[in-house]
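Throughout, read-outs are computed from the coordinates displayed, never taken from laboratory work. What you are looking at is a predicted structure, and each value in this text was computed from that prediction instead of being measured. Here Cβ is always computed from backbone atoms with ideal geometry, including for glycine, and neighbour counts include all displayed protein chains.
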Amino acid sequence: MNKNIIVLIIVIILIVCGVSIWLINSNTNNNLNSNANINENNGEENNIANIVNDNNTGDREASDHQKIAIIYFSATGTTRKVAEYIEELTDGDLIEIVPKEKYTDDDLKYNNSNSRATKEQNDSSVRPEISNSIDTDSYDVIYLGYPIWWGDAPRIILTFLDGHDLSGKTVIPFCTSGSSGIDTSVNYFKNNYKNINWLDGKRLVTLQSEVKAWINSLDY
């Protein structure tokens, strides 16, 4: 075989080998860059997911290490509805104050001077019995809910306060009513149960948005 032909064949083989090696290296680098981009994009998606999860967490969580109870009395169900909203928004424990003798519609007639509730509200010494045992020792913060009767808290709320040592705990009153405010009852609490850290509290209607805005405004 002609010597020049042999040299030409060798040159061609070297060129083919070189091109092949270059193509292999190029594909490898492209794959590495692609994987890096995928990992980077996944990292961004994970960060976005974490931000979304953070934004979707409850407005007030128990992660501040304060255990919360929502303790309420409700004769007609109105205060119970607000208490349930607070339970959802705080992840607290819902506890009802259950009277030993249930209040009937006749008991609640405010325009009847002989109705049970009228007589109770006119006698500051009355303490209606509570039928259930209520644990307060386990909690740091207590939302205390009740309707307003004759401008004040029902006497059964005083039964609860007299029967439990809430010293040093933060208690947040809330009430429901047709028109009367919460100030009279809160002032009485602050003057007669001074060992408790009372917040001012609020009269609420059964609107979840209002309850949420109020809870988010609290500092405890």
Taking R0 as 45 Å, what's the FRET efficiency between Asp106 and Tyr193 from their Cβ-Cβ distance, rounded to 0.05?
-> 0.90
Count charges around Trp149 for me, please; just the other residues with Cβ under 10 Å from its Cβ, Lys/Arg as +1, Asp/Glu as -1.
-> -1
Could you grab the relative contact order for segment 62-217? Cα pairs under 8 Å, six or more apart, rounded to a whole percent.
-> 24 percent
Put +1 on the Cβ of each Lys and Arg and -1 on the Cβ of each Asp and Glu in segment 98-149; which of Thr104, Ser131, Ile148 then has its Cα farthest toward the positive end of the dipole?
-> Thr104
Long pairs among Lys169/Lys190; Lys109/Lys190; Lys67/Lys190; Lys67/Lys194; Lys81/Lys202; Lys169/Lys212, criterion Cα-Cα beyond 25 Å | Lys109/Lys190
Potential lengthening between His65 and Asp93 on full extension [0.36 nm per residue; Cα-Cα distance subtracted] = 8.7 nm
If unit charges are put on Cβ atoms (+1 for Lys and Arg, -1 for Asp and Glu) and the dipole of segment 62-217 is taken about its Cα centre, the option from Ser180, Ile215, Ile95 lying farthest towards the positive end turns out to be Ser180
